[in-house]
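This report refers to the structure that appears directly beneath it.
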Amino acid sequence: MQISVVIPLLNEEESIPELCSWIDRVMTEHSFSYEIILVDDGSTDNSWQVIEAEAQKNPAIRAIKFQRNYGKSGGLYKGFEAAKGNVVITMDADLQDSPEEIPELYRMITEDGYDMVSGWKKKRYDPLLTKNMPSKFYNATVRLFTGIRLHDFNCGLKAYKRQVVKSVEVYGEMHRYMPVLAKWAGFEKIGEKVVQHQERKYGTSKFGVERFIRGPLDLLSVLFIAKFSKRPMHLFGGMGVVCFVAGAIILAYLSYMKIALSVYNMTQRPLFYLGIVCLIVGFQLFLTGFLAELISRSAAGKNEYLCERKLGI
């Protein structure tokens, strides 16, 4: 199979028929063998009923329904797990991503040799203050910390080699950092394509103001996971040793001053308390690293999702 199109969705009953029809038309025009994997992330409207009706009309449609809402990363994880295509395309279900971009994304993966191609919504139809400006700041920050020169990390329209989606584990809110996860998994050739961004036709955005808080926290998480998930002792233990040694040096100096030079009232000096704090913090950091090391070596799978129904999977 050439292409798997993975689409996580939440309460998109109006857009599903049009999106599936549009994808099918593009695939037929270019004679692609394909599948559409729809992951219903706990919708409370009639999205699943609409998916079942579309699957009756198009055998290329496969679907998973979560028992509750897990978030976009969970939807992508299960979609990637089920994907059979040599190239995997992800897109949003709200019709703001155009399926007309799929042939060129496929060509860039198969002919140009990219491991991953990320869409760039150069011209956006989102609100300036609540989406466009925060998005520019977010993308600039991620570029600064990761060194990946992309303009739009969070664009839902992306293309991957099959090996990439089978190698990268996405969970929590890590879907925003797929290029980062792919690069740190060893897939270095990451490209970008300007894609058409369309105005939302049905419903409203499912992302609220909480993403402004989650975004920076997720960036710190992905940086930590990529560098230290397999060796947390190197981070916490290293900081702990530095703090502990600093505290020991301070207290040794104060002890020398008291014993050799008969300087009294050491406990009234701020330096004494700084030394004590450094010793305590150093020990705690070292212990944190030790416990994290034990947990990382015995952790069970993080991606366990209750699926209520499946179609063709």
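The values are calculated or read from the model by the stated rules, or taken from the named source; none is laboratory data. On a predicted model such as this, the values are computed, not experimentally measured, just so you know. Neighbour counts are summed over all protein chains in view; Cβ atoms, including those assigned to glycine, are modelled from backbone coordinates with ideal geometry.
Does segment 26-33 contain any residue that is in contact with a strand residue (DSSP E or B) (Cβ under 6 Å, 6 or more places away or on another chain), without any contact (Cβ under 8 Å) to a residue 60 or more places away in the chain and either crowded, with 24+ Cβ neighbours inside 10 Å or farther than 16 Å from LEU105 by Cβ (or both)?
No.
State whether the residues of segment 220-229 include one that is farther than 30 Å from SER15 by Cβ, modelled with pLDDT of 90 or more and buried (at least 17 other Cβ atoms within 10 Å of the Cβ).
Among the residues of segment 220-229, not one is farther than 30 Å from SER15 by Cβ, modelled with pLDDT of 90 or more and buried (at least 17 other Cβ atoms within 10 Å of the Cβ), which makes the answer no.
Taking GLY208 as the residue in question, decide whether it is surrounded by 12 or more Cβ atoms within 10 Å (Cβ to Cβ) and either among the small types (Gly, Ala, Ser) or modelled with pLDDT under 90 (or both).
Judged against the criteria, GLY208 is not a match.
Can you pull out every residue in segment 49-85 that is of a type in the set (Asp, Glu) and touching a residue at least 24 places away in the same chain (Cβ under 8 Å)?
GLU52, GLU54 - these are the residues of segment 49-85 that are of a type in the set (Asp, Glu) and touching a residue at least 24 places away in the same chain (Cβ under 8 Å).
Got a number for residues in segment 1-40 being touching a Gly at 6+ places or on another chain (Cβ under 9 Å) and acidic (Asp, Glu)?
Number satisfying all stated conditions: 5.
Tell me, which strands (runs of 3 or more DSSP E) wholly within segment 1-115 include 1 or more residues that are within 22 Å of GLN198 (Cα to Cα) and in the same structural domain as VAL170 (by TED's automatic domain parsing)? Write out each step before concluding.
On the way: elements: 3-9, 34-40, 61-66, 87-90.
Passing ranges, in order: 3-9, 34-40, 87-90.
Give the residue that is surrounded by the fewest Cβ atoms within 10 Å (Cβ to Cβ), with candidates limited to residues of segment 34-56 that are of a type outside the set (A, V, I, L, M, F, W, C) and in contact with a helix residue (DSSP H, G or I) (Cβ under 8 Å, 6 or more places away or on another chain). I'd like the intermediate steps shown before the answer.
Just the residues of segment 34-56 that are of a type outside the set (A, V, I, L, M, F, W, C), to begin with: 34-35, 40-47, 49, 52, 54, 56.
From what is left, the residues that are in contact with a helix residue (DSSP H, G or I) (Cβ under 8 Å, 6 or more places away or on another chain) are 34, 40-41, 47, 54.
Numbers: TYR34: 22, ASP40: 27, ASP41: 26, SER47: 24, GLU54: 20.
Applying the filter and picking the extreme gives GLU54.
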